[in-house]
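Comments concern the structure below.
The values are calculated or read from the model by the stated rules, or taken from the named source; none is laboratory data. Keep in mind that what you see is a predicted model, and the values were worked out from it rather than measured. In this analysis, Cβ positions are derived from the backbone assuming ideal geometry, glycine residues included, and neighbour counts consider all displayed protein chains.
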Amino acid sequence: MVAGCLFCRIVSGDIPSRTIHEDDRVVAFEDTAPKAPTHVLIVPRKHIARLDEATAEDVTVLGEVALRAASIARERGLDDFRLVVNNGAGAGQSVFHLHFHLLGGRGFSWPPG
């Protein structure tokens, strides 16, 4: 856990969230400012600030995040969904604990913005 990290505090239970999944490596919870009918954040318990800081030892948890996103999408009846990770402030990352946005329940255009 990194002191002052919002998502580390959510993962540890110090800050309440609308958690929909947790296991020993991954936690998923509802976004507090949803951008779609389904907007779930999926985070590794391990603090990794940005995707470009992940290492070969993180490959398993990154795969688990993707599989969890697909599982949540299936549970919610989503055939189409978007999985987004922002890397750095210029890409829209505002919390520097690696997290993936699962978005669904509406149409999306490309490019996103």
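Take A33 and decide whether it is within 17 Å of P112 (Cβ to Cβ) and in a loop (DSSP other than H, G, I, E, B).
yes
In the range 41-71, the residue that is surrounded by the fewest Cβ atoms within 10 Å (Cβ to Cβ) out of those that are among the β-branched types (V, I, T) and in contact with a strand residue (DSSP E or B) (Cβ under 8 Å, 6 or more places away or on another chain) is V61. Of the residues T32, T38, which is hydroxyl-bearing (S, T, Y), modelled with pLDDT of 95 or more, surrounded by 13 or more Cβ atoms within 10 Å (Cβ to Cβ) and over 10 Å from the mean Cα position of the chain (by Cα)? It is T38.
The residue pairs whose first member lies in the range 8-24 and is surrounded by fewer than 12 Cβ atoms within 10 Å (Cβ to Cβ), whose second member is assigned to a helix (DSSP H, G or I) and β-branched (V, I, T), and whose beta carbons are closer than 9 Å, counting only pairs six or more residues apart or on different chains, are P16/I10. Being within 13 Å of the chain's Cα centre (by Cα) and at pLDDT 95 or above is true for just one of V59, V11. Which residue is that? V11 is the lone residue from the list that is within 13 Å of the chain's Cα centre (by Cα) and at pLDDT 95 or above. Considering the range 72-105, the residues that are touching a residue at least 40 places away in the same chain (Cβ under 8 Å) and surrounded by fewer than 17 Cβ atoms within 10 Å (Cβ to Cβ) include one that is nearest to the chain's Cα centre (by Cα), namely V95.
Remark: L78 falls outside the filter, which requires a residue to be touching a Phe, Trp or Tyr at 6+ places or on another chain (Cβ under 9 Å), within 17 Å of H101 (Cα to Cα) and not aromatic (F, W, Y). Given (1) surrounded by fewer than 17 Cβ atoms within 10 Å (Cβ to Cβ); (2) closer than 18 Å to C8 by Cβ, where does P112 come up short, assuming only one miss? P112 satisfies all of (1) surrounded by fewer than 17 Cβ atoms within 10 Å (Cβ to Cβ); (2) closer than 18 Å to C8 by Cβ except (2). No other residue among A3, A70 is closer than 23 Å to P112 by Cβ and outside any strand (DSSP E or B) apart from A70.
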